[in-house]
Amino acid sequence: MDAPTAAPAAIPPIVDRESWLRERAELLVREKAHTREGDAIAAARRRLPMVEVPDVEVVGPEGPVRFSSLFGDHDELVVYRHMWHHGEPFEGQCEGCTLSVWDFRNAIYLAERGVAFAVLSKGAWEELEPFREFMGYEHPWYSTAGVDDVGVAGDIGGETACYLRVGDRVFLTYETTDRGNEALMVSLRILDMTVYGRKEVWEDSPEGWPQGEVCAFWRRDGRPTAQWTRPGVGAVAAGGHEHHH
């Protein structure tokens, strides 16, 4: 039988429920203000102008297709631009992008509001297809290799972008990167509700709280953490990479 887990070195003060409810109510005022400000920012997003992007060719499972075809029957499209390290094996790919796409597993509620979802990447389709199959992703993926327009292909990746189709024209309406991508990362939002948070050094936490390297838990034992859920995944070879087939 496993030994009991040792109590953490630092814990919050212990109070009676009435005292806890008072402090919880004070925090709730701030949380509601935060929610209202988020609503106001979303309202401002809906009032942004937009910029037209060319209907370039991207490559998917059926070969080259027009970017506009990613909308399907919908007028809106959200894409996540997955960073890609050319020629690197599965375990050498971006752990942050893996977290983003892995955390947002199903886009059915977007579709119910007339919004399609797809993953774009500058990697060659010949590299993207086996990676998508290995990870078990159900989102449609497309390669933007050779696409020069940043409104479609983005910069280096790790970006979320929103588009509107008007007739046969396509427009970029919104784009975000870095922590803006946390909209797709529900695990991080849940961790923010827990007592120790993300356990990262940048967080404002009480003295003694467990904290360590930023983003360290995104990668474990040489692989993006989500890859360890895949059937038959192997250890990463010491001093190098090991492909999973």
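Here, each number is a calculation from the coordinates, and none is a lab measurement. What you see is a predicted model, and the numbers here were worked out from it, not measured in a lab. Using ideal geometry, Cβ is built from the backbone for each residue, glycine included, and neighbour counts are taken over all protein chains shown.
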In the set H86, H74, the lone residue that is of a type outside the set (S, T, N, Q), in contact (Cβ under 8 Å) with a residue 40 or more places away in the chain and surrounded by fewer than 10 Cβ atoms within 10 Å (Cβ to Cβ) is H86
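Evaluate the range 189-208: report whether one residue or more is of a type in the set (V, I, T) and in contact with a Gly (Cβ under 9 Å, 6 or more places away or on another chain). Give the derivation first.
Pass one, the range 189-208, residues of a type in the set (V, I, T): 190, 194-195, 201.
Next, only the ones that are in contact with a Gly (Cβ under 9 Å, 6 or more places away or on another chain) stay: 201.
The answer is yes; a qualifying residue exists.
Please find, within the range 189-218, the residue that is nearest to W20 (Cα to Cα) out of those that are among the aromatic types (F, W, Y) and under 18 Å from the mean Cα position of the chain (by Cα). Spell out the reasoning first.
Applying the first criterion (among the aromatic types (F, W, Y)) to the range 189-218 yields 196, 202, 209, 217-218.
Filter once more, so that each one left must be under 18 Å from the mean Cα position of the chain (by Cα): 217-218.
Numbers: F217: 31, W218: 33 Å.
In this case the residue turns out to be F217.
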Within the range 33-71, the count of residues that are surrounded by 11 or more Cβ atoms within 10 Å (Cβ to Cβ) and touching a helix residue (DSSP H, G or I) at 6+ places or on another chain (Cβ under 9 Å) comes to 11
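Hey, could you check the range 202-221 for residues that are of a type in the set (A, V, I, L, M, F, W, C) and not in a loop (DSSP other than H, G, I, E, B) and say which is surrounded by the most Cβ atoms within 10 Å (Cβ to Cβ)? Can you show your working first?
Within the range 202-221, the first condition is being of a type in the set (A, V, I, L, M, F, W, C), and the residues that meet it are 202, 209, 214-218.
If we keep only those that are not in a loop (DSSP other than H, G, I, E, B) as well, we get 216-218.
Numbers: A216: 14, F217: 16, W218: 19.
Applying the filter and picking the extreme gives W218.
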The residue that is farthest from G123 (Cα to Cα), considering only those in the range 156-175 that are part of a loop (DSSP other than H, G, I, E, B) and in contact (Cβ under 8 Å) with a residue 40 or more places away in the chain, is D168
Sole miss for E62 among (1) closer than 29 Å to Y137 by Cα; (2) touching a residue at least 24 places away in the same chain (Cβ under 8 Å) is condition (2)
Original post:
Can we say E62 is within 25 Å of the chain's Cα centre (by Cα) and acidic (D, E)?
Top reply: no
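Looking only at the range 163-190, filter to residues that are β-branched (V, I, T) and within 19 Å of H74 (Cβ to Cβ); which one of those is surrounded by the fewest Cβ atoms within 10 Å (Cβ to Cβ)? Step through it out loud before you land on a result.
From the range 163-190, those β-branched (V, I, T) are 166, 170, 173, 176-177, 186, 190; that's our starting set.
Subsequent filtering for residues that are within 19 Å of H74 (Cβ to Cβ) retains 166, 170, 173.
Numbers: V166: 10, V170: 23, T173: 16.
Going through the qualifying residues, I end up with V166.
If a residue must be of a type in the set (V, I, T) and either surrounded by fewer than 17 Cβ atoms within 10 Å (Cβ to Cβ) or closer than 23 Å to W228 by Cα (or both), how many such residues does the range 104-154 contain?
Quick first cut of the range 104-154, residues of a type in the set (V, I, T) only: 108, 115, 119, 144, 147, 150, 152.
From what is left, the residues that are either surrounded by fewer than 17 Cβ atoms within 10 Å (Cβ to Cβ) or closer than 23 Å to W228 by Cα (or both) are 108, 119, 150.
The total comes to 3.
With a cut-off of at least 2 residues that are touching a strand residue (DSSP E or B) at 6+ places or on another chain (Cβ under 7 Å), name the helices (runs of 4 or more DSSP H) lying wholly within the range 8-116.
Of the helices (runs of 4 or more DSSP H) lying wholly inside the range 8-116, those with at least 2 residues that are touching a strand residue (DSSP E or B) at 6+ places or on another chain (Cβ under 7 Å) span 95-103.
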